[in-house]
Amino acid sequence: MQESLEMARIAVADGIKTIIATPHHNSPYVDSQPAAVVLNRVEELREELRRHAIPLEILPGQEIHITETIVE
C-alpha cells in the first residue's frame with residue numbers, strides 16, 4: 001500500500017487527477033484476480049487516498065490478454 005500511496009503522490013504532483021487501475025486478466029503469465037477482488041482492492045486504495053488527503057481518483061479496470069479462446 002505504501003508504494004501505491006507514493007505513486008499516487010507523484011501522479012498528483014505531475015497534475016494527474018484520475019488513474020484507471022488495469023491489472024492483467026486472462027493472462028498466461030500472471031495470476032488473474034476476479035472482478036470482485038479488483039473492486040475491493042480499488043476501494044481499499046480509495047480509502048487510503050482519502051485518509052492521507054491525496055486528491056486522486058482511482059477507477060477499476062482490467063487489461064484483458066487476447067487469446068484464441070477469448071470469444072468462448
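Close Cβ contacts (under 6 Å, 6 or more residues apart or on different chains) running from residues in the stretch 47-63 that are closer than 20 Å to residue 36 by Cα to residues that are among the hydroxyl-bearing types (Ser, Thr, Tyr) and in a strand (DSSP E or B) comprise 57/18. Candidates are the residues of the stretch 29-44 that are outside any loop (DSSP other than H, G, I, E, B) and under 10 Å from residue 62 (Cα atoms); the one that is modelled with the highest pLDDT is 38.
What residue, among those in the stretch 49-71 that are of a type in the set (Val, Ile, Thr) and at pLDDT below 95, is nearest to residue 7 (Cα to Cα)? Only one residue tops the list, namely 64.
In the stretch 1-28, the qualifying residues are those that are modelled with pLDDT under 95 and small (Gly, Ala, Ser), and the one that is surrounded by the fewest Cβ atoms within 10 Å (Cβ to Cβ) is 27.
Can you tell me which residues in the stretch 38-64 are among the polar types (S, T, N, Q) and either crowded, with 16+ Cβ neighbours inside 10 Å or under 16 Å from residue 16 (Cβ atoms) (or both)?
Across the stretch 38-64, the qualifying residue is only 62.
The values are calculated or read from the model by the stated rules, or taken from the named source; none is laboratory data. What you see is a predicted model, and the numbers here were worked out from it, not measured in a lab. Using ideal geometry, Cβ is built from the backbone for each residue, glycine included, and neighbour counts are taken over all protein chains shown.
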